[in-house]
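The values are calculated or read from the model by the stated rules, or taken from the named source; none is laboratory data. Only a predicted model underlies this, so the values are computations on that prediction, with no experimental measurement involved. Cβ placement follows ideal geometry from the backbone for every residue including glycine, while neighbour counts extend to all protein chains displayed.
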Amino acid sequence: MSCRLLMIIILLCSIPPVAAGQDGEKPRDQQLDELRREVIQLRQEIAGLRTQLPLGDSTQSGELDQLEERLERRAEQLENKIDAVSRSVAPIAFNPKMVTAVNFAARSDNKEVIDPSPNQSVISNRPFLRTVEVELSSAVDPYASAFAVISLENQANKDFGIDAEEAYGLIKRLPVLESAPLGLKMKIGKYRASIGVDNKIHIHDLPWTTRPLIVSRYLGTDHGEFFESGFNPVGVDFDFYLPNPFPGTTFEMNADVVRAGDIAISNASLATSTLSPVAVRQPAYIGHLNLSKDWSNVHLLNIGASIYDEEGDYATRAYGVDLTYKWAPAEERESHSIVAGGEALMIDHINDALDRIHPYGWFGYLQYQTSYWLYLGARYDWIEESGDAGVVTRNIGLYASYYTTEFLRFRFGYEHRQSDIASQDNLNTIIFDLNLVFGSHPTEPYWVNR
Amino acid sequence: MKKSLKIIALVLAALTAQQTNAQNKKLKIITTLSYLQYVTQEVGGDKVDAVALANPKQDPHYVTPTPRMNQLATDADLFIENGLSLDMWAKNVVEASGNPSIQPGSPGHLVATINVPVKELPTEVSRSWGDIHPQGNPHIWLDPFNVRIIAGNIAERLKQLDPGNRDYFQKRFDDYKATLDAAMFGEELIKALGKSGGDILTRKAKNNELIDWLKGRKLEAKLGGWMKKAERLNGMKIMSYHKTYIYFADRFNLQIAGELEEKPGIPPPPQHRDAVVEQIKREGIKVILNDNFYSREAADYVASRTGAKVVITYVDVGAVEAVDSYEKLITYLIEEIDQASS
């Protein structure tokens, strides 16, 4: 009997290791099925041997137990191998992860609204496919990963423009510097800059149906403030942690060197008219300092300060502060949360009349999640026009977001605007907004929980 | 000359002290979930400092990666995640940490469940099926046999990262495995079977041969631990909010009759709740398990129409004092279900 068991052990040990693509003639699934059948058959043989054992034969029984143990261990190893091979990574995994985000918006206004961009098109009372973003991301090699957002953007009701909204490499280490100090990461390419918090968020992740005015008017928009806005320069970003000034807090710094002249408030736009092109001195610098503290992942507080500095004959600077507070309880977290925050930006630049002026603006918001599905919120914007600090616009918006999942979001917004600009004064707008996110996007917390 | 000797002596002393410090340096380990922290600390003993990122009361699917977490990971020697697409937020932390030692593929990154047999491995995946896990059901730690494997994975990785303490980690692992085996089968039975008793019983239980095997050896009366406690639950049908208890139920012979969620990760729509009410009435189900982090609204609705009892359960170590160890967590789950059904 022991001989038969030893034969089984030899047979088990002689089974070659399982590896993907090992046998060119048999498909992997077939090999796995054969191994599974073999494991089952060996177990049956062990059970058969057990039944043949004479009752009360403790010596042989003990011997059989030991041998059976060895067989079982080998069988377990084989099963684990089968399981590991079943879950092995197929070469297709080298393809980048791809996500598509579609943003559709329709608006209804009480008066005609003309987009201020060069298109000068009427945008009131009509639907828009605002953006289609295709996000691609992948590891490049052990030292870097890459990320690109190719965006198809509505140009204020005049065709679509293709834009690399973001495209950058994230360098985590280099062969010459295997371990970067202070958790340093380097981003090189085009990316949404760390000026405040909102500017870093893509349009489909916004909690509102429109961008805050300080982002669209001070930082930039190609196609009008109802469409995609923000400052996404070409440059290098260094992201690192500073020693904590207070216990339990995290101090994170972003320091960027970017191409000057791309931000809306820059005087570069004047270079082609009244100023010579050399008036803008390259490069520009961005700094963002963020102090954060979280309490058991229930309360999270972020306080940030930003600066943009562009030197030259007509230097441009922006100073900003931002604050975000999030509350999401540990239990029933998916059903309730509160987010409150705000940002302010003060500008120091030359306007079209070549006067140095200091307009500023701010927004504040509050959002409450009433259930898994529904978020309610309000946002207030106050801004001085970048070209004339004496011209003020105020905007109050009320929002309701209905999420089926994080991949499908419906938003309804009402905005009332009062402005020293006559065409914008007493403007009432109702906006419906739909966001679809599909592809290999991982399950992510709602943006408020990020 | 004397001065030179003094300097050499000082340098040698400093170097020796540095070497001693390096030898005494604990491995800094970050885990995503608290049960991983607990097991890591059990295996690593005083040679490791393990910290869990997630609040154990929180839904492990939805944890907010914060700057604090990112910074904690910047100088970690080892980052341990559950994997199987449960703690996918770990990727954000690892990436934001900028720590090259813990990037996926490095020795400092461990997916703890790498060789654990997975259930509900889908052959196809689609978002239309809800928050489905492409690599199978990830709630793997609620089967103590899987934690045995996970502890082994952790021990192997600790040995690799700190080879000077190989023997120490092996002994700690053996001791922890013995603790788990005693908790599972009872100390008396383990003692009766000797050194490899835990391994034998584990394999017998995995093959559903345990009771027959014990009967054959007249050891049935010595069975204790969770297996004994769970005998009262044998074959009991339960309803759960989410597919959290698949592994637990299989190990302790419970039957999961269904879930309140129609699709994983999405709260149940009203028509599905009503269908569950009918099923519970039809099948005489007495217990609804509702993880503490999910809303109990649907469970209460169903319970109020069926008389089934809602048990709010904790599923990670340290969520409350009663489950401050993995062993207590499993005991707690068995006892809660037992009490609710009686």
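At-a-glance table
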read-out: Strands (runs of 3 or more DSSP E) (entirely within region A:144-203) containing at least 3 residues that are among the small types (G, A, S); value: A:144-154, A:160-171
read-out: So A:S419, is it surrounded by fewer than 19 Cβ atoms within 10 Å (Cβ to Cβ), of a type in the set (S, T, Y), in contact with a Ser or Thr (Cβ under 8 Å, 6 or more places away or on another chain) and within 14 Å of chain B (Cβ to nearest Cβ); value: no
read-out: Which numbered condition A:L376 fails, given (1) touching a Pro at 6+ places or on another chain (Cβ under 7 Å); (2) of a type in the set (A, V, I, L, M); (3) within 23 Å of A:L300 (Cβ to Cβ); value: (1)
read-out: Scope region A:210-227; condition surrounded by fewer than 24 Cβ atoms within 10 Å (Cβ to Cβ) and assigned to a loop (DSSP other than H, G, I, E, B); matching residues; value: A:G220, A:D222, A:G224, A:E225
read-out: All helices (runs of 4 or more DSSP H) inside region B:122-234 with 3 or more residues being modelled with pLDDT of 85 or more and either touching a Lys or Arg at 6+ places or on another chain (Cβ under 7 Å) or under 27 Å from B:G108 (Cα atoms) (or both); value: B:144-161, B:166-185, B:187-193
read-out: Condition broken by B:T31, with the remaining ones in (1) within 12 Å of another protein chain (Cβ to nearest Cβ); (2) out of contact with any Lys or Arg (no Cβ under 9 Å at 6 or more places or on another chain); (3) not charged (D, E, K, R) satisfied; value: (1)
read-out: Exclusive hit being touching a residue at least 24 places away in the same chain (Cβ under 8 Å) and more than 13 Å from every other protein chain (Cβ to nearest Cβ), set B:P138, B:P144; value: B:P144
read-out: Among (1) closer than 25 Å to A:R333 by Cα; (2) of a type outside the set (G, A, S); (3) surrounded by fewer than 20 Cβ atoms within 10 Å (Cβ to Cβ) - the single one B:N290 does not satisfy; value: (3)
read-out: Residue pairs meeting the criteria (Cβ under 6 Å; at least 6 apart or on separate chains; first touching a residue at least 24 places away in the same chain (Cβ under 8 Å), in region A:243-254; second assigned to a strand (DSSP E or B) and hydroxyl-bearing (S, T, Y)); value: A:T250/A:S292; A:E252/A:Y241
read-out: In region A:369-384, the residues that are over 23 Å from the mean Cα position of the chain (by Cα) and within 14 Å of chain B (Cβ to nearest Cβ); value: A:T370, A:S371
read-out: Selected residue (criterion: modelled with the lowest pLDDT) from residues of region B:112-121 that are surrounded by fewer than 17 Cβ atoms within 10 Å (Cβ to Cβ) and more than 8 Å from chain A (Cβ to nearest Cβ); value: B:E120
read-out: Subset of region B:62-73 [out of contact with any strand residue (DSSP E or B) (no Cβ under 6 Å at 6 or more places or on another chain) and facing chain A (nearest Cβ under 7 Å)]; value: B:Y62, B:V63, B:T64
read-out: Output for region B:46-58, where each listed residue is at the interface with chain A (Cβ under 9 Å from one of its Cβ atoms) and surrounded by fewer than 24 Cβ atoms within 10 Å (Cβ to Cβ); value: B:K57
read-out: Scope region A:113-134; condition charged (D, E, K, R) and without any contact (Cβ under 8 Å) to a residue 60 or more places away in the chain; matching residues; value: A:R126
read-out: Any hit, region A:357-368, residues being surrounded by fewer than 17 Cβ atoms within 10 Å (Cβ to Cβ) and within 14 Å of another protein chain (Cβ to nearest Cβ); value: no
read-out: Failed item in (1) buried (at least 19 other Cβ atoms within 10 Å of the Cβ); (2) under 26 Å from B:Y62 (Cβ atoms); (3) in contact with a Gly (Cβ under 6 Å, 6 or more places away or on another chain), with B:Y241 passing the rest; value: (3)
read-out: Residues located in region B:182-236, provided they are touching a strand residue (DSSP E or B) at 6+ places or on another chain (Cβ under 8 Å), aliphatic (A, V, I, L, M) and exposed (fewer than 14 other Cβ atoms within 10 Å of the Cβ); value: none
read-out: Any hit, region A:146-160, residues being closer than 22 Å to A:P233 by Cβ, within 14 Å of another protein chain (Cβ to nearest Cβ) and not aromatic (F, W, Y); value: yes
read-out: In region B:74-100, residue nearest to A:D237 (Cα to Cα) [restricted to those that are more than 7 Å from chain A (Cβ to nearest Cβ) and of a type in the set (S, T, N, Q)]; value: B:N92
read-out: Identity of the residue in region A:340-356, assigned to a strand (DSSP E or B) and charged (D, E, K, R), that ends up surrounded by the fewest Cβ atoms within 10 Å (Cβ to Cβ); value: A:R356
read-out: Count of region A:300-339 residues which are among the aliphatic types (A, V, I, L, M), more than 30 Å from B:P267 (Cβ to Cβ) and either within 13 Å of another protein chain (Cβ to nearest Cβ) or not in a strand (DSSP E or B) (or both); value: 2
read-out: Which numbered condition A:V140 fails, given (1) within 19 Å of A:V99 (Cα to Cα); (2) within 13 Å of chain B (Cβ to nearest Cβ); (3) in contact with a Ser or Thr (Cβ under 8 Å, 6 or more places away or on another chain); value: (3)
read-out: Options A:N244, A:N232: the member that is part of a loop (DSSP other than H, G, I, E, B) and either surrounded by fewer than 20 Cβ atoms within 10 Å (Cβ to Cβ) or not assigned by TED's automatic domain parsing to the domain that holds A:V102 (or both); value: A:N244
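So that you can scan it fast, the table gives a plain yes or no per residue for (1) touching a Cys at 6+ places or on another chain (Cβ under 8 Å); (2) surrounded by 20 or more Cβ atoms within 10 Å (Cβ to Cβ); (3) among the acidic types (D, E):
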residue	(1), (2), (3)
B:N92	no, no, no
B:H109	no, no, no
B:E124	no, no, yes
B:R127	no, no, no
B:H133	no, yes, no
B:G164	no, no, no
